[in-house]
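Remarks on the structure that follows.
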Amino acid sequence: MIQYSLRCAQGHQYDAWFKNAAAFDEQAARGIVRCAVCDDGRVEKALMAPAVARTDQGKVALSSDQPDAQKIRELLRAYRQKVVSEADYVGDRFAEEARKIHFEEVDAHHIYGEATRDEAIALADEGIAFLPLPDLPEDRN
Ligand SMILES: [Zn+2]
């Protein structure tokens, strides 16, 4: 079984399982892969590589296949698990909490959560240190 992140022509994105890569290609060619949300038949595979980082202009950073990719993914997964098990989840209050910690309004502790791109830029401008948390496809299951 192989899991693909799919996106339809209307922009809906969802995950679906196929027996193998050929099964997806065959079903897509026959037009029977339909959007789970709106039933649109124009569905294609969405990029879901862990290292796909969005940059300006909606472009994505990509590389060709790398022999150590699997090993590095394992390291990233271990890194993510360490962060998640040791830090406090603050949801979308990440920027706010990071600022409180930076300005010592609260005791220092490790946190993780989400921030918008603008919030992340503001934090960087203020000299507040943070790191991107790798988002691995397996984590979304
Ligand atoms: Zn759709």
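The values are calculated or read from the model by the stated rules, or taken from the named source; none is laboratory data. Every value quoted in this text rests on a predicted model; they were computed, and no experiment measured them. Because the Cβ atoms are built from the backbone with ideal geometry, glycine has one as well, and the counts that use them run over all protein chains shown. Accessible surface areas use protein heavy atoms only, side chains included; no ligands, DNA or RNA. Shrake-Rupley method; radii C 1.70, N 1.55, O 1.52, S 1.80 Å.
General remarks:
- Residue within segment 71-91 that is closer than 28 Å to residue 12 by Cβ, modelled with pLDDT of 90 or more, surrounded by 14 or more Cβ atoms within 10 Å (Cβ to Cβ) and touching a Gly at 6+ places or on another chain (Cβ under 7 Å) present: no
- Identity of the residue in segment 9-42, farther than 22 Å from residue 135 by Cα and within 8 Å of the ligand (Cβ to nearest atom), that ends up surrounded by the most Cβ atoms within 10 Å (Cβ to Cβ): 35
- Contacts under 7 angstrom Cβ, first residue in segment 99-116 being touching a residue at least 12 places away in the same chain (Cβ under 8 Å), partner in a loop (DSSP other than H, G, I, E, B) and open to solvent by less than 50 Å² (accessible area, probe 1.4 Å), 6 or more apart: 99/128; 102/128; 110/87; 111/87; 111/90; 112/87; 113/90
- Looking across segment 124-135 at every residue that is surrounded by 10 or more Cβ atoms within 10 Å (Cβ to Cβ) and more than 20 Å from the chain's Cα centre (by Cα), the one that is farthest from residue 81 (Cα to Cα) is identified as 126.
- Within segment 92-113, tally of residues that are open to solvent by less than 90 Å² (accessible area, probe 1.4 Å) and under 21 Å from residue 136 (Cβ atoms): 4
- Annotation: of all residues in segment 107-127 being of a type in the set (D, E, K, R) and in a loop (DSSP other than H, G, I, E, B), the one that is farthest from residue 88 (Cα to Cα) is 126.
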